[in-house]
Amino acid sequence: MNMLEVQDLCVSYGMIRAVQGVSFVVRQGEIVSLIGSNGAGKSSTLLALAGLLPSTGAVRFDGASIAGKPPHQIVRGGVILVPEGRGTVGTLTVEENLEMGAYTRRGGWRSELAAIYARFPVLHERRDVMALSMSGGEQQMLALARALLARPRLMLLDEPSMGLAPLMVARVFDLIQELNRDGTTILLVEQNAKAALRISSRAYVLESGRNIADGNASVLATDPRINEAYLS
């Protein structure tokens with residue numbers, strides 16, 4: 001079953017066309033990656049899907065159009081973006097940042113904090129400290145935890161490993177797989193293409209805002225052209 005269907009998506013910044021007719025699907029329960037070089041249009045695609053950039057084309061989630069909807073309605077529908085750079089608010093505490101993740105909910109979210117803290121023990125230890133005092137890896141965990149409080153069905157992850165030490169990169173990818181096993185479908189944008197393909201079922205390759213390849217992630221990982229351009 002296709003959870004997300006994107007057809008002929010276009011995104012422009014003034015006269016610059018960042019995304020030029022990109023099409024792809026994400027099936028329920030999958031991890032699907034968008035890979036490509038810097039400037040390929042990957043992040044712009046996620047921002048458009050989240051309602052944060054104007055776009056043209058068709059975007060359907062669970063069969064219903066979400067194109068042109070405001071971000072808070074898209075969040076309420078179950079599509080949650082974890083942005084590049086994490087988007088944590090440094091002058092708020094860890095728990096206050098988590099509360100932001102539940103802003104579209106009417107209540108009851110505090111009963112879920114115990115499960116969140118059990119998954120992310122470091123956040124429990126530091127729940128009363130300002131987010132700005134945390135390491136990059138801890139802030140990435142906070143961003144993921146905050147997204148979980150919005151009860152995502154589809155999580156859009158934009159460069160979750162950016163700027164992290166190798167051990168923390170491995171931990172973040174382990175967490176992504178854990179979230180997926182627990183029922184969250186994931187669309188992943190990631191510069192570390194090898195790691196992304198390793199955990200994905202399928203992938204799409206973007207170049208200059210266009211689809212240039214797609215298929216099973218393990219097959220793409222062994223494609224000589226993909227290896228030379230993105231994995232070497």
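The values are calculated or read from the model by the stated rules, or taken from the named source; none is laboratory data. Predicted model only: the values in this text are computed from it and were never measured. Every residue, glycine among them, receives a Cβ derived from its backbone with ideal geometry; neighbour counts consider all protein chains shown.
A few notes on this one:
- Scanning region 154-165 for residues that are touching a residue at least 40 places away in the same chain (Cβ under 8 Å) and not charged (D, E, K, R), we see that the one that is surrounded by the most Cβ atoms within 10 Å (Cβ to Cβ) is Leu157.
- Flag set for Ala58, criterion: more than 26 Å from Arg181 (Cβ to Cβ) and either among the small types (Gly, Ala, Ser) or at pLDDT 95 or above (or both).
- Residues of region 133-146 satisfying the condition of being in contact with a helix residue (DSSP H, G or I) (Cβ under 9 Å, 6 or more places away or on another chain) and either without any contact (Cβ under 8 Å) to a residue 12 or more places away in the chain or under 13 Å from Val94 (Cα atoms) (or both): Met134, Ser135, Glu138, Gln139, Gln140, Met141, Leu142, Ala143, Leu144, Ala145, Arg146
- Ser200 vs. criteria at pLDDT below 95 and of a type in the set (S, T, N, Q): no
- Of the strands (runs of 3 or more DSSP E) lying entirely inside region 1-104, the ones with 2 or more residues being surrounded by fewer than 19 Cβ atoms within 10 Å (Cβ to Cβ) are found at 2-13, 16-27, 56-61.
- Odd one out for Gly39 among (1) at positive phi; (2) touching a Lys or Arg at 6+ places or on another chain (Cβ under 8 Å); (3) modelled with pLDDT under 95: (2)
- Selection of strands (runs of 3 or more DSSP E) fully inside region 166-232 by the criterion of at least 1 residues being closer than 29 Å to Leu149 by Cβ and either touching a residue at least 12 places away in the same chain (Cβ under 8 Å) or not acidic (Asp, Glu) (or both) returns 185-189, 202-207.
- Residues of region 10-46 classified as under 20 Å from Phe61 (Cβ atoms) and either polar (S, T, N, Q) or without any contact (Cβ under 8 Å) to a residue 24 or more places away in the chain (or both), total: 7
- Inter-residue pairs, beta-carbon under 6 Å, first within 13 Å of Asp128 (Cα to Cα) and in region 76-94, second loosely packed, with under 15 Cβ neighbours inside 10 Å, 6+ apart: Gly90/Leu132; Thr93/Asp128
- Residue match in region 206-221 (condition: under 14 Å from the mean Cα position of the chain (by Cα) and not aliphatic (A, V, I, L, M)): no
- Per this entry, Ala64 is counted among residues that are out of contact with any strand residue (DSSP E or B) (no Cβ under 9 Å at 6 or more places or on another chain), of a type outside the set (Asp, Glu) and at pLDDT 95 or above.
- Residue, farthest from Phe61 (Cα to Cα), within region 130-153, restricted to residues that are surrounded by fewer than 20 Cβ atoms within 10 Å (Cβ to Cβ) and of a type in the set (Lys, Arg): Arg151
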